[in-house]
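This report concerns only the one structure given below.
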Amino acid sequence: MSKKSSVVSRSGRFSSGPGQDVAAFSQSISFDWRLWKQDIIGSMAHARMLHRIGLVTKKECSDICKGLEKIGDDITAGRFEWKPELEDVHMNIESALTKAIPAGAKLHTARSRNDQVALDMRMWTRDEAINLVEEVYGLQRSLVNLGLRHAEIIIPGYTHLQRGQPVYFAHHLLAYVEMLDRDAGRFIDTCKRTNVCPLGSGALAGSTLPLDREGVAVELGFVDEKGKPRLTQNSMDGVSDRDFILEFCSSAAVTAVHLSRLAEDVILWASAEFHFIKIADSYTTGSSLMPQKKNPDIAELTRGKSGRVIGNLVALLTLLKGLPMTYNRDLQEDKERLFDSADTVRACLRLMAAMLDHTTINEAACAAASADPSLLATDLADYLVQKGQPFRHAHHDVGALVALAEKNGVPLNGLTLEEMRGIQPLFGPDTLGLFDLRKAMERRNMAGAPGSREVKKQLARWQKRLA
Ligand code: ARG
């Protein structure tokens, strides 16, 4: 048997409130309190609109707005008492308002919690999307700065985690800057489609009262580039659409996957096997058993947390896929997933940036790895191509050189010119000069290539863009 609790919001139709277990099960205040600012701003705009259309007097409107402001101050100061029996943020605020100001009872005119929560969520999501864009820029800056601090460092570029061709370390970092830029773009796009005002959709079928939807939308910033109001065009869609949350969480999931890949590179680079980077002590942890250990936990947690961000997206897609029109209480489950994706990605972006700001490069290890002459095997093939050989044949001949060097137990640049010419007479006296790494980097200068000039140009471009 469940104990009964009194629920202020319940009225006329119900003879009793829900049981305590029911209230505990259905409350959302423990997480949706985070929407308080949006809820108050939205309610103020709604109250002013009700005054404009003559449903609330000037005095009532100003009382309501002052009352809401006071509640906002109380919440900020930690004085506001959130009551779980009032279910959610909307009823907590409205109930406190009505207790303080009789006119508060008029605030819910021509409004349902269904369009109210849709409004709050859109405002929260659009603000957070823009916040995350700034966080993404922050990590991009850290990557660019790390690249600039070590602009001359060359490392092997890998495919299949096998050494491929040489690249500037900065070029590798800038790959992530490009990925992150697409992430920022996705959040900006998300923000555009989110920024449409659902208020006035009512419970599902609008209102018989002559609401000024346009005025509310403009006041709340739901406008296009020309300042024209952007309104949802179908009341049923207005209360039940959560695509903007899907989009946000999808943008967050792609970002998290990019962060996870960066984390994986950092983890590899920090290992004794690679030894390319050294993360500052304050951004690593030790082992409780092995005294020598220094672990890249921030990167590992970032890699790990991508799982929950992906999970949040899948949870939301699953939540929505079977819902009949229009509002269903299932939709309350959108909030924790949204908040968690935002919080997680924000924290990962910040901590990865801070960690990279406190990371140094082990130049000797990078130099040793990039001195591997086989990284320039492709340059030998290109040399033969320039002498007129078809690439497939050039590839085959250089492969034969690699095999010969392996057989002789020497590095690729340890073969004599005679040995090379024995396999392919097109190799001239300038062949051994191809193994000069700095010169090799100068040969790679078209747009997007990891060459000396191009990488400097890209670093400068990003530095300017992110300034
Ligand atoms: N807490 C609810 C939610 O997040 C608000 C909307 C409630 N609407 C309703 N018809 N019960 O979805």
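The values are calculated or read from the model by the stated rules, or taken from the named source; none is laboratory data. Computed from a prediction, not measured in an experiment: that's the story for all the values here. As a convention, Cβ positions derive from the backbone with ideal geometry for all residues, glycine included, and neighbour counts pool all protein chains shown.
Whether any residue in region 81-88 is within 13 Å of the ligand (Cβ to nearest atom) and either closer than 23 Å to PRO198 by Cα or free of Cβ contacts under 8 Å to residues at least 24 places away in the same chain (or both) is what I want to check. Looking for residues that are within 13 Å of the ligand (Cβ to nearest atom) and either closer than 23 Å to PRO198 by Cα or free of Cβ contacts under 8 Å to residues at least 24 places away in the same chain (or both), one finds at least one in region 81-88, hence yes.
Restricted to region 106-149, and to residues there that are closer than 27 Å to TRP33 by Cβ, surrounded by 22 or more Cβ atoms within 10 Å (Cβ to Cβ) and of a type in the set (S, T, N, Q), the residue that is farthest from the ligand (Cβ to nearest atom) is THR125. Checked against (1) under 25 Å from GLY17 (Cα atoms); (2) touching a helix residue (DSSP H, G or I) at 6+ places or on another chain (Cβ under 7 Å); (3) at pLDDT 95 or above, GLU81 meets all criteria but (2). A search for C-beta distances below 7 Å between a residue of region 106-124 that is within 10 Å of SER43 (Cα to Cα) and without any contact (Cβ under 8 Å) to a residue 24 or more places away in the chain and any residue that is more than 11 Å from the ligand (Cβ to nearest atom) and not in a loop (DSSP other than H, G, I, E, B), counting only pairs 6+ apart in sequence or on different chains, returns HIS108/GLU94.
If you go through region 55-80 and keep only what is crowded, with 16+ Cβ neighbours inside 10 Å and either within 19 Å of VAL216 (Cα to Cα) or within 16 Å of the ligand (Cβ to nearest atom) (or both), you end up with LEU55, VAL56, GLU60, CYS61, ASP63, ILE64, CYS65, LEU68. With the condition kept exactly as written, say whether any residue in region 159-170 is part of a helix (DSSP H, G or I), surrounded by 16 or more Cβ atoms within 10 Å (Cβ to Cβ) and hydroxyl-bearing (Ser, Thr, Tyr). The answer is no, given that none of the residues of region 159-170 is part of a helix (DSSP H, G or I), surrounded by 16 or more Cβ atoms within 10 Å (Cβ to Cβ) and hydroxyl-bearing (Ser, Thr, Tyr). Being closer than 22 Å to SER235 by Cα and polar (S, T, N, Q) holds for only one residue in SER43, SER62, and it is SER43.
Name, by its number, the condition in (1) within 16 Å of the ligand (Cβ to nearest atom); (2) modelled with pLDDT under 95; (3) not basic (Lys, Arg) that does not hold for PHE244. Failed condition: (2).
Scanning region 221-273 for residues that are more than 15 Å from the chain's Cα centre (by Cα), among the hydrophobic types (A, V, I, L, M, F, W, C), within 30 Å of ILE155 (Cα to Cα) and part of a helix (DSSP H, G or I) gives VAL266, ILE267, LEU268, TRP269, ALA270. Please work out which residue is farthest from TRP33 (Cα to Cα), limiting yourself to region 313-338 and to residues that are touching a helix residue (DSSP H, G or I) at 6+ places or on another chain (Cβ under 7 Å) and away from the ligand (no atom under 16 Å from the Cβ). Selected residue: LEU317.
Condition first: in a helix (DSSP H, G or I), under 25 Å from THR284 (Cβ atoms) and at pLDDT 95 or above. Can you find one or more residues in region 320-332 that meet it? No; the residues of region 320-332 include none that is in a helix (DSSP H, G or I), under 25 Å from THR284 (Cβ atoms) and at pLDDT 95 or above. Filtered by the rule that a residue be buried (at least 17 other Cβ atoms within 10 Å of the Cβ) and within 34 Å of the chain's Cα centre (by Cα), region 363-388 gives ALA365, CYS366, ALA369, SER370. Restricting attention to region 14-42, the residues being at pLDDT 95 or above and assigned to a loop (DSSP other than H, G, I, E, B) number 2.
Residues in region 255-266 that are surrounded by 19 or more Cβ atoms within 10 Å (Cβ to Cβ) and β-branched (Val, Ile, Thr): THR255, VAL266.
Of all residue pairs spaced 6 or more apart or on separate chains, none has beta-carbon atoms under 7 Å together with a first member in region 194-217 that is farther than 15 Å from ALA45 by Cα and free of Cβ contacts under 8 Å to residues at least 24 places away in the same chain and a second member that is surrounded by 19 or more Cβ atoms within 10 Å (Cβ to Cβ) and of a type outside the set (Phe, Trp, Tyr). If the condition is being of a type in the set (S, T, N, Q) and closer than 21 Å to ALA118 by Cβ, then region 325-359 contributes THR326, ASN328, GLN332, SER341. Looking across region 308-331, not a single residue is surrounded by 19 or more Cβ atoms within 10 Å (Cβ to Cβ) and of a type in the set (Asp, Glu).
Would you say ARG52 is under 30 Å from SER240 (Cβ atoms), touching a helix residue (DSSP H, G or I) at 6+ places or on another chain (Cβ under 9 Å) and within 16 Å of the ligand (Cβ to nearest atom)? No.
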